[in-house]
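Accompanying notes for the structure given below.
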Amino acid sequence: MRLDFICVGFGRSGTRWLCNCLSEHPQISIAPILKEIEPNYFPEEYEVMGLGNYKKLFAKSDFTKVVGEISCTPIMHLRTAPLLKKLFPNVKVIICQRDEEKRKNSYESVSKYVMLKEQKYEKINQENYIRPFRDTFKDNLFIFDMEKTDRESELNRLFKFLGVNGFTPESLYAKDTKAGVGFKPTKYKKTRVLVSHIIRPLLRRNLKTYYFLKRNFRLDLYYQRLHSRL
């Protein structure tokens with residue numbers, strides 16, 4: 001399959017905002033399901049399922065346009081860069097970079113709702129995870145600096161990198177989503193415990209079955225909706 005671009009992370013660094021901005025561009029195609037979920041397919045799911053499940057995610061993509069997707073965790077695996085280069089030699093890679101302290105605050109804020117209790121965040125040296133992509137993709141790597149005050153200029157630099165025209169998406173001016181807004185932890189606590197701490201771990205005991213159900217029955221989509229909309 002053809003993949004023109006992929007965002008590989010970092011988590012809690014504006015990947016959802018970036019997905020919204022890119023999906024509005026008339027020359028870019030992000031499949032409807034990919035606007036709601038971050039596939040986070042590489043490297044683990046690929047190592048179990050190959051490209052079969054991944055191709056299904058692009059079934060409704062328009063390949064007359066620039067096609068890609070936004071994920072937030074592949075960068076955390078050092079083997080992702082050489083794997084993507086092997087599978088998609090000409091793919092352009094995007095990394096969303098954000099101040100580590102802000103990532104920490106965002107993670108700890110949302111973890112109180114999604115994970116039922118606040119999780120301790122371990123700071124990382126982002127450059128250690130970026131370096132394999134610098135070495136592997138060189139000029140085909142774009143680091144989106146989320147700390148830039150002029151995000152429109154940064155976004156148009158990205159559009160130029162992707163080979164599309166300059167554009168001002170409506171999502172550019174959307175307010176940042178505040179973690180936890182609209183959540184009702186007490187009301188939905190049992191549901192979250194059931195899904196996050198019982199059903200999901202049980203399914204993951206057999207990864208092949210888990211990934212089959214996840215993609216073919218869209219369990220990834222329903223799981224995302226459960227945690228973001230309750």
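Here are some notes:
- Phi angles across the stretch 51-56 convert, under the Karplus curve 6.51 cos²θ - 1.76 cosθ + 1.60 with θ = phi - 60°, into 3J(HN,Hα) values of 8, x, 5, 5, 4, 4 Hz, Gly and Pro given as x.
- Taken one residue at a time, the phi angles of the stretch 19-32 give Karplus couplings (6.51, -1.76, 1.60, θ = phi - 60°) of 4, 4, 5, 5, 5, 7, 5, x, 9, 10, 10, 10, 3, x Hz. Gly and Pro are set to x.
- Other residues whose C-beta falls under 15 angstrom from the C-beta of S153 contribute a net charge of -1, scoring Lys and Arg +1 and Asp and Glu -1.
- Over all other residues within a Cβ to Cβ distance under 14 Å of V93, the charged ones net out to +2, with Lys and Arg as +1 and Asp and Glu as -1.
- Exposure proxy shown here: for Y173, Y129, the number of other Cβ atoms within 10 Å sets the order, fewest to most, as Y173, Y129.
- Charge sum, other residues only, whose C-beta stays under 12 Å from K35's C-beta, Lys/Arg counted +1 and Asp/Glu -1: -2
- In terms of Cα atoms, the Rg and Dmax of the stretch 1-146 work out to 15.2, 45 Å.
- Subtracting the Cα-Cα distance of K65 and T149 from their residue separation scaled by 0.36 nm leaves 27.3 nm.
Here, each number is a calculation from the coordinates, and none is a lab measurement. Just so we're clear, the structure is a prediction, and the values are computed from it rather than from any experiment. Please note: Cβ atoms are built from the backbone with ideal geometry, for glycine as well, and neighbour counts cover all protein chains shown.
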